[in-house]
Amino acid sequence: MSRNTILIVALLMSLSLIGIIGIQVYWIIFQVELNEKTLDNNVLSAMRSVAEAVEKKEEDCSKQDQALLTKTYDRLVEQTLYTASAKRAIDEKINLQHLDNILRQQLLEHNINLDYNYGVFDQNFDYYAIVDNQYQVKPNTKNLVHTGIFKKLDVSKYQVKLFERHADYGTMGELRVYFPNKFKLIWSNVWKSAIASGIFTAIILFCFVYTLVVIVRQKKLSEMKNDFINNMTHEFKTPIATISLATDSIKSPTIIENKDKINRFLNIIKQENKRMLSQVEKVLQMALIEKQDFKLNLEKLSLHDIILQAVEYANLQAEQKGGVVCVDLEATDDTIEGDQTHISNIIHNLLDNANKYSPEKPNITVSTAQTYQGVKVSIKDEGIGMTKEQKKHIFEKFYRAHTGNLHDVKGFGLGLSYVKTMVLAHRGDIQVISELGKGSTFIITFPHKIPDKNNV
Ligand code: ADP
């Protein structure tokens, strides 16, 4: 899969996900709005019925009064009193218990089973005459700032006019209802599906991101493997070509008579053969590690001896570039338990890298120090160093940092991965300190004794 295809697939998947999330959010909002609208309609319809009932009761009472009055007074007095009755304050016109009962009954009839507060606002005197089945004291001043339940009732959208027909006489009020748990009801049949769709979306999102990460990782790995194959082919081509040239030369009649020359060519063939063998061994070692079935031949070793041997070889290489390898072996007890071949390979690999990645005069220092449970080895170079990002990956198989102008540095990207596996197999630890352009220091610790004596 090419990088562009991955990008397009990722883009399409992201768009579809955004679409799905968008549709879900839209449906949830739609459902909530619908619930709210239904509730609003029911509440207002219930409240209108309450207003009607309250007004009817008041009219009935007035008529009774009127009937009573007609018997006693003439029409003029009657009219005056009726007007007086209409002008009565709102709290005088409403029977507290009747209002409370009818409101509860109407709300239940409209399927609203919710806690509520209610109030009757007297618009003439600008105060709440009744709140929750209780008459309120009329304040002396108008326009009081409302707090608490008064404020909630003020801003509630459930407000219905009372005694609108008496407006001529200046008695008008409003019935206001407030539901503290309104949102619970509105969300009651939505939250479950909202949570469920949230969880499913999160799972899809997780799988999507995970798949992308895996694809990118696999792609990187396959690129690295390709690099490895290219590298390996290149590494084998040179010795094969050299051997072919050497055998052709031996065959030539002028040389076949000359024993010295034949010996020289045979040596070249032998050396190139060795080189190929060591490359093959590296690859085989890696295959072995991958299968995790390697065995360590544990024995008591002098780490200093191994280091000195490796340094001798590394010095030859460093000298070719005008550099030097210094040693500073300070560990008081350098005995460790380990596999001679692998420990030696570890030191060799690190010295080899220190040399390879120091483009000018390698200046390498190998030092040891005593630690509580073992020996610490530091291999320090003043070479090209690494970035933080490179440091994160150097122990991965096939990883090779793009070394910029160091095109000729050969390698398979297997050395450090092998080193780390082996250090861990010896119950040791490996760390790297490095700064781009300044150099790197690899620090390994080996315990004197490996706790688990079984082969790892
Ligand atoms: P190889 O050397 O074959 O590429 P390694 O596994 O030994 O593979 O190293 C992996 C990468 O780590 C190298 O390609 C290089 O970029 C980086 N690296 C290793 N050692 C050093 C060092 N001493 N200084 C700078 N970079 C290093």
In degrees, nearest ten, helix 191-251 long axis to first principal axis of the chain (Cα) = 10
ask   = Roughly how many Å² of LYS138 are accessible to a 1.4 Å probe, to the nearest 10?
value = 90
Rough spin-label spacing in nm, given labels placed 7 Å along Cα→Cβ, for ILE240 and LEU329 = 4.2
inquiry  = I'd like the orientation of helix 340-356 relative to the chain: the angle between its Cα long axis and the longest Cα principal axis, in ° from 0 to 90, rounded to 10.
reply    = 80
note = Per the rule of 0.36 nm per residue minus the C-alpha distance, extending LYS219 to LEU424 adds in nm 71.0 nm
key: LEU284 accessible area, assembled protein chains, probe 1.4 Å, Å²   = 110
note = With +1 on the Cβ of every Lys and Arg and -1 on the Cβ of every Asp and Glu, the dipole magnitude of the chain about its Cα centre, in debye rounded to the nearest 20, is 980
task = Give me the angle, in degrees from 0 to 90, between the Cα long axis of helix 75-86 and the longest principal axis of the Cα atoms of the chain, rounded to the nearest 10.
result = 20
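As a test of the formula, what do you get for the chain when each DSSP H run with n ≥ 4 contributes -39,500 (n - 2.57) and the sum is divided by the residue count, at 222 nm and rounded to the nearest 500 deg cm²/dmol?
Numbers: 13 runs with 265 residues, N = 456.
For the chain, the value works out to -20000 deg cm²/dmol.
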note = Between the alpha carbon centres of the range 233-309 and the range 188-232 the gap in Å comes to 44
query = What FRET efficiency do you get for LEU316 and ALA369 if R0 is 25 Å and r is their Cβ-Cβ distance, rounded to the nearest 0.05?
reply = 0.45
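Could you state the accessible area per residue of the range 260-410 in Å², with a 1.4 Å probe and every protein chain left in place?
59
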task = Check cross-link reach from LYS380 to the aspartates and glutamates: straight Cα distance under 20 Å, and skip same-chain residues fewer than eight apart.
result = ASP305, GLU312, GLU319, ASP328, GLU330, ASP334, ASP352, GLU360, GLU389, ASP429, GLU435
key: Distance (nanometres) between label positions extended 7 Å along Cα→Cβ at HIS98 and GLU59   = 1.3
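So if R0 is 45 Å, what FRET efficiency would ASN263 and LEU212 give, r being the distance between their Cβ atoms, rounded to the nearest 0.05? Let's see the in-between values first.
On the way: r = 60 Å, r/R0 = 1.34.
E(calc), rounded to 0.05, equals 0.15.
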message = Run the numbers for THR387 and LYS157: contour at 0.36 nm per residue of separation, minus the present Cα-Cα distance, in nm.
response = 76.5 nm
note = Once both label points are put 7 Å beyond Cα along the C-beta direction, the ILE21-TYR135 separation in nm becomes 5.9
query = Going toward the positive end of the dipole of the chain, with +1 on Lys and Arg Cβ and -1 on Asp and Glu Cβ, which of ASN35, PHE442, ILE102 do you reach last?
reply = PHE442
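Decide, for the range 207-308, between rounded, prolate and oblate: order the square roots of the alpha carbon gyration tensor eigenvalues as a ≥ b ≥ c, take rounded if a/c falls under 1.5, and otherwise choose prolate if a/b is larger than b/c, else oblate.
oblate
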ask   = Extension gain PHE183-SER45, at 0.36 nm per residue separation less the Cα-Cα distance, in nm?
value = 47.7 nm
Heavy atoms of GLU389: accessible area, 1.4 Å probe, square angstrom to 10 = 100
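The values are calculated or read from the model by the stated rules, or taken from the named source; none is laboratory data. Owing to the predicted nature of the structure, the values given are computational and were not obtained by experimental measurement. For neighbour counting, all protein chains shown are included, and Cβ atoms are generated from backbone atoms with ideal geometry for every residue, glycine included. When the accessible area is computed, the model is the full protein with side chains, heavy atoms only, and any ligands, DNA or RNA have been set aside. Shrake-Rupley method; radii C 1.70, N 1.55, O 1.52, S 1.80 Å.
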